[in-house]
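The values are calculated or read from the model by the stated rules, or taken from the named source; none is laboratory data. Predicted model only: the values in this text are computed from it and were never measured. Reconstructed Cβ throughout: ideal geometry from the backbone, glycine too, with neighbour counts over all protein chains shown.
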Amino acid sequence: MKQRKIPMRTCIITKEKLRKEELIRVIRNNLGNVEIDLTGKKNGRGAYLKKDLEVFKKARSSKILEKVLGVEIKEELYDELDNLLK
């Protein structure tokens, strides 16, 4: 039986290649709104973060999501990311 290919994505903080299940996708849609995509299938420009509290803290301090997505990120989004792990 042929083995299925596992989709791999890269965390923008750690640069690790991981399976999609091990990452959280943050998207910017056509209207410029930023949201967390738990399904991994929403339309928009996406960035992946490893499911780790330290990674979320580093993303907040370095503002790398703003650079990658090209829009200003509100603090509420970072708080929502932190709450996902708790």
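For this structure, a couple of remarks:
- Long-range neighbours under 7 Å by Cβ, at least six apart or interchain, first residue in contact (Cβ under 8 Å) with a residue 12 or more places away in the chain and more than 14 Å from L49 (Cα to Cα) within segment 63-74, second of a type outside the set (F, W, Y) and surrounded by fewer than 17 Cβ atoms within 10 Å (Cβ to Cβ): V71/G32; I73/E66
- Flag for R28 being farther than 22 Å from K86 by Cβ, crowded, with 17+ Cβ neighbours inside 10 Å and in contact (Cβ under 8 Å) with a residue 12 or more places away in the chain: yes
- Residue match in segment 73-82 (condition: crowded, with 16+ Cβ neighbours inside 10 Å and assigned to a loop (DSSP other than H, G, I, E, B)): yes
- Check on K57, free of Cβ contacts under 8 Å to residues at least 12 places away in the same chain, surrounded by 11 or more Cβ atoms within 10 Å (Cβ to Cβ) and either among the small types (G, A, S) or outside any strand (DSSP E or B) (or both): yes
One line per residue, one yes/no per condition, for (1) modelled with pLDDT of 95 or more; (2) of a type in the set (D, E):
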position	(1), (2)
K5	no, no
I12	yes, no
L23	yes, no
V26	yes, no
G40	no, no
A47	yes, no
V55	yes, no
E75	no, yes
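- Residues (closer than 17 Å to Y78 by Cα and either in contact (Cβ under 8 Å) with a residue 60 or more places away in the chain or more than 10 Å from the chain's Cα centre (by Cα) (or both)) located in segment 15-25: I24
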